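In what follows, a structure is listed as structure tokens, so that the remarks can point back to it.
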Amino acid sequence: MEEGTTMHKRIMIVAGGDWQVPITKKAKEMGLYVISSNLYEDSPAFAYADAVKIANVLDREANLACAERYKPDAVVTDQSDIAVPTVAYICQRLGLPGIGEDKASLFTNKYKMREFCKKYGFASPDFRLCTELGQAKTFLAEHHRIIIKPIDSQSSRGVFLIETQEDLTRYFGQSMQYSNAQKAVLAEQYVEGTEFTVDGIKHSKGYTVLAVSKKKHYKENPNVAKELFFSNQNVKFDYEKLRKTNQELVLAMGMPFGLTHAEYKYMDGQYYLIEIAARGGGTKISSNIVPLMSGVDSNEALLRMALGESVQVQPEFKMERCAVLKFLHFQSGRVRKIEGLTKIRQMAGVDDIGLNFTAGETIQPMHDDRSRQGYYIAYAESEEKLRALQKNIEQTLQVIYETE
């Protein structure tokens with residue numbers, strides 16, 4: 001990666017939650033003056049910023065006013081779908097490097113994404129835009145098993161697997177309430193098969209895939225991921241074909257620069273696009289796992305490209321290396337104490353671990369990605385070693401509940 005001077009430059013990072021802490025810290029390491037905006041006064045990334053603005057990431061005018069006040073040299077986000085259109089809006093009005101509002105809409109509006117795939121011949125499930133329940137009922141009658149989802153949301157909010165008209169009646173309104181651009185629901189044919197994620201970077205020389213994972217989902221909620229297992233090769237699935245499919249899609253969509261995170265399902269010899277986003281993978285995929293798997297610091301690359309610098313991406317893949325993002329699931333109840341976290345953090349190969357609860361709090365049932373109760377990131381130089389490490393982690397972590 002080419003080095004440029006970032007001294008005395010300012011960058012605004014829209015969204016300041018847990019997953020934006022890494023890019024905020026990276027910007028500070030690079031010597032940048034950082035402005036962070038987010039809805040909550042106690043947003044985690046605020047602790048690492050030079051200036052903060054309490055504003056909803058969906059509020060374009062409030063964030064634009066913040067940018068006009070601080071006059072940043074660049075505006076970015078990472079690991080947040082809903083912040084992408086706001087960043088594009090600000091950049092376009094201030095004449096800063098960005099992906100443009102049209103591309104931001106294409107990468108966040110799932111209906112437009114489906115229309116693009118249909119027009120240009122990328123494998124994609126049958127779909128229908130539904131502004132009322134009756135349209136979705138007709139679509140369900142045609143396909144018998146469907147997915148309904150908001151037009152533009154994140155973290156699996158409002159995403160439901162539907163098999164009966166009763167379920168559709170129950171969940172249609174819930175799904176619609178998470179749509180921002182248009183009050184509608186996208187109904188899609190359910191695609192059977194194994195699911196994958198692909199993370200990569202669009203730079204001045206083209207597009208480079210940096211990390212691929214195979215996903216597992218919770219049986220009780222098939223729309224919520226349980227594990228992402230990252231490897232650079234797979235004996236059962238053609239990862240080269242998957243990389244090529246994703247590369248062709250990103251280039252066809254015309255993204256000028258930035259990070260991407262895509263999800264595909266493999267069925268009947270093809271990789272079907274589930275969705276693709278103009279940001280890095282959440283739960284620290286872009287900030288932590290991508291560097292582990294490719295040697296590329298994707299957060300630094302994004303910051304430099306947003307500042308107008310030329311960036312060369314030269315991955316150094318360790319073909320035997322594996323990494324895992326594992327989500328933790330616990331029974332509901334009031335927690336008395338948590339044991340093993342310090343020991344786990346000291347284990348070789350453990351990159352990160354986090355829980356969404358502390359002692360004295362009550363664990364609530366999981367219903368979407370954001371309500372998952374914890375995670376860890378670990379890596380090793382073979383799958384066998386990584387699975388052994390995972391077993392050690394999960395045996396060491398103990399959640400002790402209060403009893404009546």
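The values are calculated or read from the model by the stated rules, or taken from the named source; none is laboratory data. In this text the structure is predicted, and so the values were computed from the model without any measurement. Positions of Cβ are backbone-derived with ideal geometry, glycine not excepted, and every protein chain shown enters the neighbour counts. Quick note on the areas: whole protein, heavy atoms, side chains included, nothing else; ligands and nucleic acids left out. Shrake-Rupley method; radii C 1.70, N 1.55, O 1.52, S 1.80 Å.
Miscellaneous remarks
- Any chance HIS217 is part of a strand (DSSP E or B) and open to solvent by less than 40 Å² (accessible area, probe 1.4 Å): no
- Residues of region 105-124 satisfying the condition of being farther than 23 Å from ARG279 by Cα and modelled with pLDDT under 95: none
- Test: residue in region 377-388 that is closer than 25 Å to GLU220 by Cα, free of Cβ contacts under 8 Å to residues at least 12 places away in the same chain, out of contact with any helix residue (DSSP H, G or I) (no Cβ under 8 Å at 6 or more places or on another chain) and not in a strand (DSSP E or B): yes
- Positions within region 189-214 being of a type in the set (D, E, K, R) and in a strand (DSSP E or B), in sequence order: GLU195, ASP199, LYS202, LYS214
- Subset of region 222-263 [surrounded by 21 or more Cβ atoms within 10 Å (Cβ to Cβ) and in a loop (DSSP other than H, G, I, E, B)]: MET255
- Pairs where the first residue, in region 114-135, is part of a strand (DSSP E or B) and the second is open to solvent by less than 60 Å² (accessible area, probe 1.4 Å) and not aliphatic (A, V, I, L, M), C-beta under 6 Å, 6+ apart: PHE127/ARG114; PHE127/GLU188; ARG128/PHE139
- Candidate set from region 146-183 (those that are part of a loop (DSSP other than H, G, I, E, B) and of a type in the set (A, V, I, L, M, F, W, C)); member that is most open to solvent (accessible area, probe 1.4 Å): ALA181
- Of all residues in region 229-257 being more than 19 Å from the chain's Cα centre (by Cα) and of a type in the set (A, V, I, L, M, F, W, C), the one that is modelled with the lowest pLDDT: VAL235
- Residues that are among the β-branched types (Val, Ile, Thr) and open to solvent by less than 60 Å² (accessible area, probe 1.4 Å) were ranked within region 324-370; the one that is modelled with the lowest pLDDT is ILE363.
- Residues located in region 18-50, provided they are within 21 Å of GLY354 (Cα to Cα) and in contact with a helix residue (DSSP H, G or I) (Cβ under 6 Å, 6 or more places away or on another chain): ASP18, GLN20, VAL21, PRO22, ILE23, THR24, LYS25, LYS26, PRO44, ALA45, TYR48
- For region 51-93, residues that are without any contact (Cβ under 8 Å) to a residue 24 or more places away in the chain, charged (D, E, K, R) and out of contact with any helix residue (DSSP H, G or I) (no Cβ under 8 Å at 6 or more places or on another chain) total 2.
- When GLU316 is tested against (1) surrounded by fewer than 17 Cβ atoms within 10 Å (Cβ to Cβ); (2) of a type outside the set (A, V, I, L, M, F, W, C); (3) in contact with a Lys or Arg (Cβ under 6 Å, 6 or more places away or on another chain); (4) closer than 27 Å to ALA278 by Cβ, just one condition goes unmet, and that condition is (3).
- Residues satisfying the stated conditions in region 70-101, i.e. within 17 Å of GLY281 (Cβ to Cβ) and of a type in the set (Gly, Ala, Ser): SER80, ALA83
- Unmet requirement for LEU186, which otherwise passes all of (1) open to solvent by less than 10 Å² (accessible area, probe 1.4 Å); (2) under 16 Å from ARG114 (Cβ atoms); (3) assigned to a strand (DSSP E or B); (4) out of contact with any helix residue (DSSP H, G or I) (no Cβ under 6 Å at 6 or more places or on another chain): (4)
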